[in-house]
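The values are calculated or read from the model by the stated rules, or taken from the named source; none is laboratory data. Quick caveat: nothing in here was measured; it's all calculated off a predicted structure. Note that each Cβ is placed from the backbone with ideal geometry, even for glycine, and that neighbours are counted across all protein chains shown.
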Amino acid sequence: MKNLHKEIQGMTAINLAWSYLRSRMLLLVLAFICAAFGFICLGALIVQSERSNLVPYLVTVDKQGVVLNQGTLSPHPEVPQAAVASVLCRFVQDVRMISSDAALQTEAITAAYSHILEGSQAKNELDTYYRSINPFELGQREQVSITISNVIAQTGTTYQIDWLERRTAKNNRSERSMRALISYELGPVDSLNAQGLLLNPLGIYVQDFVVSEVIA
């Protein structure tokens, strides 16, 4: 009987020890899981903190430099028609100008494409136009300057823009009146793209444009 009692006590002690060990192992596993989750969260926080996040900020000033309005831009702001007209006029100037300065010409082309969406009709037209004239080669023979003369809103998303185009070659100067019908849309503003944000902070994109000479 004494031996049986000792065996029972021994088995009870073993069971208690195993139960204690199993509970400790469970706590250890849970601790490892929590630590791993914490490292994952920390890594995600570090990656997010290292990402460049630019917030569009618009400031309007008068001719004396006095601030009239300021604030951040929402993804699809209510863009004033005056701002749209200004952007489209600048688009015409960037597309039509020809300069002997290759850097200046590159800036104009880059600015023009910042208002063009991939796959749009305007993208096809602009590609075709630049292939047909090659502004860098043309700039070695002549320069073209643009003076906007008239801006008329045709519909809610279409503008008529008239301008005077002055061409200056080595021994020749000429000018002609031009007109463009430009349709636009409001698109996304990529706040993580510094160049796109600087060139097109309002997200105004040209959908289509048709250029023709105005015959007096």
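Report whether or not A153 is at negative phi, among the aliphatic types (A, V, I, L, M), part of a strand (DSSP E or B) and surrounded by 15 or more Cβ atoms within 10 Å (Cβ to Cβ).
no
Would you confirm whether or not region 101-111 contains a residue that is surrounded by 13 or more Cβ atoms within 10 Å (Cβ to Cβ) and either among the basic types (K, R) or at pLDDT below 95 (or both)?
Checked against the condition, which is being surrounded by 13 or more Cβ atoms within 10 Å (Cβ to Cβ) and either among the basic types (K, R) or at pLDDT below 95 (or both), region 101-111 yields no hits at all.
Taking only region 87-100 into account, find how many residues are crowded, with 18+ Cβ neighbours inside 10 Å and not in a helix (DSSP H, G or I).
3
If you scan region 116-130, which residues turn out to be part of a loop (DSSP other than H, G, I, E, B), of a type outside the set (S, T, Y) and closer than 12 Å to V206 by Cβ?
I116, L117
Based on what the data block shows, is A194 under 29 Å from the mean Cα position of the chain (by Cα) and touching a residue at least 12 places away in the same chain (Cβ under 8 Å)?
It is true that A194 is under 29 Å from the mean Cα position of the chain (by Cα) and touching a residue at least 12 places away in the same chain (Cβ under 8 Å).
Counting only residues that are among the acidic types (D, E) and assigned to a strand (DSSP E or B), which one in region 163-216 is farthest from L117 (Cα to Cα)?
The selected residue is E175.
Looking at I204, I215, I152, I133 in this structure, which one is in contact with a helix residue (DSSP H, G or I) (Cβ under 8 Å, 6 or more places away or on another chain) and either outside the structural domain of S86 (by TED's automatic domain parsing) or of a type in the set (A, V, I, L, M, F, W, C) (or both)?
Testing whether each residue is in contact with a helix residue (DSSP H, G or I) (Cβ under 8 Å, 6 or more places away or on another chain) and either outside the structural domain of S86 (by TED's automatic domain parsing) or of a type in the set (A, V, I, L, M, F, W, C) (or both) leaves just I204.
Within region 133-146, identify whether any single residue is of a type outside the set (D, E) and under 16 Å from S86 (Cα atoms), and answer yes or no. Spell out how you get there, then give the answer.
First, pick out the residues of region 133-146 that are of a type outside the set (D, E): 133-136, 138-141, 143-146.
Keeping just the survivors that are under 16 Å from S86 (Cα atoms) gives 146.
Looking for residues that are of a type outside the set (D, E) and under 16 Å from S86 (Cα atoms), one finds at least one in region 133-146, hence yes.
Which ones in region 197-207 are over 8 Å from the mean Cα position of the chain (by Cα) and either of a type in the set (S, T, Y) or buried (at least 16 other Cβ atoms within 10 Å of the Cβ) (or both)? Steps first, please.
Of region 197-207, the ones over 8 Å from the mean Cα position of the chain (by Cα) are 198-199, 202, 204-207.
Matches in region 197-207: L199, L202, I204, Y205, V206, Q207.
Can you find, within region 83-139, the residue that is nearest to A194 (Cα to Cα) among those that are of a type in the set (G, A, S) and free of Cβ contacts under 8 Å to residues at least 12 places away in the same chain?
A103
If R166 satisfies all but one of (1) at pLDDT below 95; (2) touching a strand residue (DSSP E or B) at 6+ places or on another chain (Cβ under 6 Å); (3) basic (K, R), what's the number of the condition it fails?
Only one criterion in (1) at pLDDT below 95; (2) touching a strand residue (DSSP E or B) at 6+ places or on another chain (Cβ under 6 Å); (3) basic (K, R) is unmet by R166, namely (1).
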